[in-house]
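The values are calculated or read from the model by the stated rules, or taken from the named source; none is laboratory data. Small disclaimer: the values here were computed from a predicted structure and weren't measured. Note that we place each Cβ from the backbone using ideal geometry, even for glycine, and neighbour counts take in every protein chain shown. Please note that ligands, DNA and RNA were not included when accessible areas were found on the heavy atoms of the full protein model with its side chains. Shrake-Rupley method; radii C 1.70, N 1.55, O 1.52, S 1.80 Å.
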Amino acid sequence: MKALRGGYTLLTGCLEEAQPLQCVETAEQEEPGRAGTGVTASPPEEPYQPVLNGESNVLHAGQVQQLAPHLPPRVTGYPWNLLYCTARDGFSLKSMYRSMNKLSSPVLLVIRDTDGQTFGAFSSTTIRLSSCFYGTGETFLFSFSPELKVFKWTGSNTFFLKGDADLLVIGGGSGKFGLWLDGDLYHGGSHRCETFDNEILSPQEQFFIRDLEVWALT
């Protein structure tokens, strides 16, 4: 596995180039959440227990149960299947995209970094290659630090997801990304962004990935 070419200098260039963020696919949006909803969000009175069809190297049962109330009602009752994981499929953003070529369901992206921190994103749509930002207001970021914090859409912009062969970004604004991953799925970073008004998801703004998994309703 190789480090991100050019290190942080190259990434800074990517951030600066992304600042205009003018290309956004239009989609019907959910109502925005309150800015800074990272500490807690009101769960339903009777939260459901989602089923994971497969063994996770990142999430344990308690974390899955904590996430459940924050998922959209439309996914209630459906089992989640392990679509892609680095432990089984290797570290490659292109391979992750290929695993979702024929998928149209929401996905749950979960990461454990080399510091042992668990965090990720719920995407209302398949993660895919794109020339524009896409997604809906159901998308959110989360982190277990160690308690769950959920960062929902603020309504400030619609920069939910955008991906090319070398970089996947989730959340944006003013050249900052809520979560980004490089093409090797080895190196990533997190910054406060306008889309979710999130805290930094990892203990450090730049991190190395130990395990990454994508779960989908397939």
Residues within the stretch 70-109 that are within 18 Å of Val150 (Cα to Cα) and part of a helix (DSSP H, G or I), tallied: 3
Looking across the stretch 131-149 at residues that are over 16 Å from Phe177 (Cα atoms) and part of a strand (DSSP E or B), the single one that is most open to solvent (accessible area, probe 1.4 Å) is Lys149
Residue by residue through the stretch 150-179, note down the ones that are assigned to a strand (DSSP E or B), out of contact with any helix residue (DSSP H, G or I) (no Cβ under 8 Å at 6 or more places or on another chain) and among the hydrophobic types (A, V, I, L, M, F, W, C). Phe151, Leu161, Val169, Ile170, Leu179
Meets criteria (touching a strand residue (DSSP E or B) at 6+ places or on another chain (Cβ under 9 Å), more than 25 Å from Trp80 (Cα to Cα), surrounded by fewer than 18 Cβ atoms within 10 Å (Cβ to Cβ) and aromatic (Phe, Trp, Tyr)) for Phe208: yes
Can you spot a residue in the stretch 153-161 that is under 24 Å from Thr86 (Cβ atoms) and either open to solvent by 10 Å² or more (accessible area, probe 1.4 Å) or touching a His at 6+ places or on another chain (Cβ under 9 Å) (or both)? no
Among the residues of the stretch 188-202, are any closer than 22 Å to Ala87 by Cα and either modelled with pLDDT under 95 or open to solvent by 10 Å² or more (accessible area, probe 1.4 Å) (or both)? no
Test result for Arg128, outside any loop (DSSP other than H, G, I, E, B) and open to solvent by 10 Å² or more (accessible area, probe 1.4 Å): no
Among the listed residues Phe160, Phe140, Phe133, which satisfies the condition of being of a type outside the set (A, V, I, L, M) and under 24 Å from Asn57 (Cβ atoms)? Phe140
Within the stretch 177-205, the residues that are out of contact with any strand residue (DSSP E or B) (no Cβ under 8 Å at 6 or more places or on another chain), more than 19 Å from Tyr134 (Cβ to Cβ) and charged (D, E, K, R) are Asp184, Arg192
